[in-house]
Structure formats: C-alpha cells, structure tokens
Amino acid sequence: MTADPADVNANKWIGVLAYILFFLPLIAAKDSRFAMYHANQGLVLLILGIVCNIVLGLIPVIGWILLPLANLASLVLAILGIIQAANGQLKPLPLIGSITIIKTP
C-alpha cells in the first residue's frame, strides 16, 4: 500500500500521534488516507490492549503473569507503528494490521 507523498509530508506527525490519541486524525486530518490509516491501526491497538487487560486481569495467577507480557507487546506494536508513521510508511502492524475499523478515504 502506498500513500501520496504530499499527503505523507502534510500529515506525518498526525500519523505518529495517532498511536497515542487515535481520534486526532479524525478531527485534524479526516481527508488524509495516511493519517486515517494510522488512526485505524492506533484504534485497533487500543482495543486490543483494553481487551487483554480485562480478560487477563480476570484470570487468576496465569493471567496476572501474562498481563505484563501483553502490555509489553502492545507497547512494542505502538512503537513500531510510530516508527512506520514517522518514516511515511503504510505498513500493517504484525498480528493486528489486517483489521479495519476506520475506513480510509
């Protein structure tokens, strides 16, 4: 998947911030394919983190051991997404990159 270089240059930092505040591109760059792609990746990552914390938090002992590992994996995926956005890439994140919640223009 490729993005328009002008779109990438104009919205690179919004794409980076989408992994911290996924809704920022929805407000600031709703017509940008690049920003909306990274907003989708950020939202999917947020949902995955919330689900992992709820499910693993309810499972005694094993869940409590796996919970820090799941949070570390979420952090690693977020850093990977931030690096890809900063480099102007539209590359899906491992494991969750194929899930689409927010449609790109």
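Nothing in this text is a laboratory measurement; each read-out follows from the coordinates by a stated rule. From a predicted model like this one, the values you see are computed outputs, not experimental measurements. Heads up, the Cβs are rebuilt from the backbone with ideal geometry, glycines too, and the neighbour counts pull from every protein chain shown.
Assorted remarks:
- Between 0 and 90 degrees, the angle of helix 33-58 with respect to the longest Cα principal axis of the chain falls at about 10 degrees.
- Comparing 83, 20, 65 in a Gaussian network model of the chain, where Cα atoms under 10 Å apart are tied by springs, the biggest mean-square fluctuation is seen for 65.
- Over all distinct Cα-Cα pairs of segment 1-60, the Kirkwood formula returns a hydrodynamic radius of 12.2 Å.
- Stretched out straight at 0.36 nm per residue, the stretch from residue 73 to residue 98 would grow longer than its current Cα-Cα span by 7.3 nm.
- Cα convex hull of the chain, projected area averaged across orientations, nm²: 6.2
- Of the chymotrypsin sites (Phe, Trp or Tyr not before Pro) in segment 1-51, those whose Cβ has at most 14 other Cβ within 10 Å and which sit in DSSP loop: 23
- Model label points for residue 23 and residue 91, set 7 angstrom from Cα along the Cα-to-Cβ axis, are 3.1 nm apart.
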